[in-house]
Amino acid sequence: MTASFLQHCRQAIGPDYVLTAPEDCAPYLTDWRGRFTGRALAVLRPNDPLQVAQLVRACVEARIALVPQGGRTGLVLGSVPDASGAQVVLSLSRMRRIRALDTVNRTITVDAGCILHDIQQAAAAADCLFPLSLAAEGSCTIGGNLSTNAGGTAVLRYGNARELCLGLEVVTPQGELWSGLRGLRKDNTGYDLRGLFIGAEGTLGVITGAVLKLFPQPKASIAALVAMKAPRDALALLNLMQDRCGACLTGFELMSDLCMQLVATHFPHLPKPFAARHRQYALLEVTSDESSQHALDLVEHALGQALGRGLADDAVLATSNAQSRALWTLREHIPLAQAAAGNNIKHDISLPISTIADFIDATDARLQHGFPDCQVVCFGHLGDGNLHYNVAPPATQPHAQFLANQEAINRIVYDSVDAFNGSISAEHGIGALKRDDLVRHKSKVELDMMRAVKAALDPLGIMNPGKVL
């Protein structure tokens, strides 16, 4: 059966694109953080949606499970196969076409394997903006972004991947090709199938194409780094900036002093905006559709009020694109600095924005009670309530020894998230890593509905099994 299945795949997409040798498959089998390496019967690399449909039909006939894969930048073990060696990886890395760009409808239609940065560049070449932006944008694919409902740094103004997508093309678990690439902002003709596949992590079908929203390129963008005493001050500053800047406030990030110290230690060549240390920092960005002077006036006026009210202790305002880029580079290097410092216990959580300061105070205290001197590396997208609340060992404790406490630390953090009416996954998804936690933190009614959807669309259970549910 295996030999005939592989032969069928070779006939469908060509023998060069059916990888079975261990050295050829290896790049597709390990997750982004290097924590897990699976095994695969084969890696299949189709070139277009029809080939994807053929491969899925072959998997149905042979009862072989498949794992859709984009840029393999996911953080929850959602895009790598298990250790059985019985699954195939369906890599969409060859499907990188920009299919259409409509400047009047302000849409761009792309293959699912398009690199996010390439979509940004194609939009910019047409004097448009595709605003989805995240650290892995040079490697991640739009299919993966949609499958995990990616967020990034501009959610505050533009929304996450779900809000940026108007239509999808999907190969169903039966190998049928559904085209919903209509680019409509209003379509009230039944169930929202598009929304069903976004965030499903490839468990309900394979996204092969998408129609995405474009926006006008802003005339100017100004960034500022603000130093303050506590997350509570950052919430007050966020409220002030929204009142003064409205929709021009594009991003608002929170970073603790520990985050900045990690970056300074492991990337000493990066700028150090302040001479003194401060407990918390907010990185904000304001864009203007009018002029750079308009953006500058908005930021200066709002920050002047913040300093006058005691919400901020100091502020550095970028006066050029290069300076703005340098401030954002500090934020983007926090995960890299964490990796350089050693393994830690990561949490991608979301909370009602108004509760974030209370959550940090309460959860920090609970962690210190259970694990004295542990270090909380807290940063994230304060403007949309998304924290990366990571826990590192005390300076004197070996990382491997501390990581043995992961389950207990997860329980503290996730139970606290529940207490504040939050979510245990904000933008990374569930994958295999958080599957057991999902069962604990979702209600039975929610889980039953999710299982019913899965069973209805994928009755054979061949679509990315073991992920999400």
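Counting pairs of alpha carbon atoms under 8 Å apart in space and at least six apart in sequence, what relative contact order in percent does the chain give? Display every interim value, and only then the final one.
Numbers: 949 pairs, mean separation 72.4, N = 469.
Reported as a whole number, the value is 15 percent.
Dividing the convex hull volume of the alpha carbon atoms of region 211-264 by its residue count, what do you get in Å³ per residue?
On the way: hull volume 7.8 nm³, N = 54.
Convex hull of Cα atoms, per residue: 145 Å³.
Most exposed first by the Cβ proxy, i.e. fewest other Cβ within 10 Å, how do H428, H301 rank?
Working: H428 23, H301 12.
Ranked by crowding around the Cβ, least crowded first: H301, H428.
Out of residues 5 or more away from R279 or on other chains, whose amide H comes under 5 Å of its own, with H placed 1.01 Å from N in the peptide plane?
Result for R279 returns M228.
Starting from the Cα of Q261, step 7 Å along the direction of its Cβ; do the same at N421; then give the gap between the two resulting points in nm.
According to this spin-label approximation, the distance is 3.5 nm.
Can you tell me the Rg and Dmax of region 342-429, counting just the alpha carbons, in angstroms?
12.4, 36
Calculated from DSSP H runs of 4 or more alone, at -39500 (n - 2.57) each and per residue, what is the 222 nm mean residue ellipticity of the chain, nearest 500? Could the numbers behind the result be given before it?
On the way: 18 runs with 176 residues, N = 469.
One gets -11000 deg cm²/dmol as the mean residue ellipticity at 222 nm.
Once Rh is set to the Kirkwood radius over Cα pairs, what Stokes-Einstein translational diffusion coefficient, in µm²/s, holds for region 185-224 at a temperature of 10 °C and a viscosity of 1.306 mPa s?
Values: Rh = 13.7 Å.
Roughly 116 µm²/s, to the nearest whole number.
What Kirkwood hydrodynamic radius, in Å, does the chain give when the mean of 1/r is taken over all pairs of distinct Cα atoms and then inverted?
Across the chain, the inverse of the average 1/r is 23.4 Å.
Please report Y414, Y17 as a ranked list, fewest other C-beta atoms within 10 angstrom at the top and most at the bottom. Don't skip to the answer; put the middle values down first.
Details: Y414 20, Y17 17.
In increasing order of surrounding Cβ atoms, one gets Y17, Y414.
Kindly rank 375-387, 220-232, 120-132, 399-411 from highest to lowest mean number of other beta carbons found within 10 Å of each residue.
Working: 375-387: 23.2, 220-232: 20.8, 120-132: 17.5, 399-411: 13.9.
Put in order of decreasing packing, that is 375-387, 220-232, 120-132, 399-411.
Taking 0.36 nm per residue of sequence separation and subtracting the Cα-Cα distance, how much length would be gained by fully extending the chain between H399 and D364, in nm to one decimal? If you can, show how the numbers build up before the last one.
Details: separation 35, 0.36 × 35 = 12.60 nm, distance 1.91 nm.
Value of the extension gain: 10.7 nm.
Once amide H atoms are built 1.01 Å from N in the peptide plane, which residues 5 or more positions from A65, or in another chain, come under 5 Å H to H?
V88
For region 249-359, report the % of Cα-Cα distances exceeding 20 Å. If you can, show how the numbers build up before the last one.
Values: 2997 of 6105 pairs.
Within region 249-359, distances greater than 20 Å cover 49 percent of Cα pairs.
Contour minus end-to-end for F274 and V439, with contour as 0.36 nm per residue of separation and end-to-end as the Cα-Cα distance?
Details: separation 165, 0.36 × 165 = 59.40 nm, distance 4.45 nm.
Fully extending the segment from F274 to V439 adds 55.0 nm.
About its Cα centre, what dipole magnitude does the chain give when the only charges are +1 on Lys and Arg Cβ and -1 on Asp and Glu Cβ, stated in debye to the nearest 20? Write out the running numbers ahead of the final one.
On the way: 41 positive and 45 negative charges, 130 e Å.
That gives a dipole near 620 debye.
Work out the P(r) tail for region 98-216: percent of alpha carbon pairs separated by more than 18 Å, whole number.
Values: 3205 of 7021 pairs.
Cα-Cα pairs in region 98-216 separated by more than 18 Å: 46 percent.
Could you sort 252-261, 184-193, 35-44 so that the peptide with the highest average Cβ count within 10 Å comes first and the rest follow in order?
Values: 252-261: 22.0, 184-193: 9.1, 35-44: 19.6.
The densest-packed peptide leads the list: 252-261, 35-44, 184-193.
So for region 2-91, averaging the separation of alpha carbon pairs under 8 Å that are six or more residues apart and normalising by length, what relative contact order in percent results?
Reported relative contact order: 35 percent.
Could you sort the peptides 110-116, 442-448, 418-424, 316-322 by per-residue average Cβ neighbour count (10 Å cutoff), highest mean leading?
On the way: 110-116: 25.1, 442-448: 10.9, 418-424: 15.9, 316-322: 14.0.
My ranking of the peptides, most packed first, is 110-116, 418-424, 316-322, 442-448.
Any lysines with Cα under 26 Å of the K454 Cα? List them, leaving off those in the same chain fewer than 8 positions away.
Once the sequence-local lysines are set aside, what remains near K454 is K434, K442, K444, K467.
Under 37 °C and 0.692 mPa s, how fast does region 2-91 diffuse according to Stokes-Einstein, given a Kirkwood radius computed over C-alpha pairs? Answer in µm²/s, whole number.
Details: Rh = 13.0 Å.
Rounded, D is 253 µm²/s.
Taking the number of other C-beta atoms within 10 Å as the exposure measure, put M449, M95 in order starting with the fewest.
Details: M449 12, M95 23.
Ascending Cβ contact count within 10 Å gives the list M449, M95.
How big is the Kirkwood radius of region 178-337, worked out from every pair of different alpha carbons and given in Å to one decimal? Don't skip to the answer; put the middle values down first.
On the way: mean 1/r = 0.0552 Å⁻¹.
Hydrodynamic radius (Kirkwood, Cα only) of region 178-337 equals 18.1 Å.
Bear in mind these aren't lab numbers, they're just calculated from the coordinates by the rules spelled out. It should be emphasised that the depicted structure is a prediction, and the values quoted were computed from it without experimental measurement. In this analysis, Cβ positions are derived from the backbone assuming ideal geometry, glycine residues included, and neighbour counts consider all displayed protein chains.
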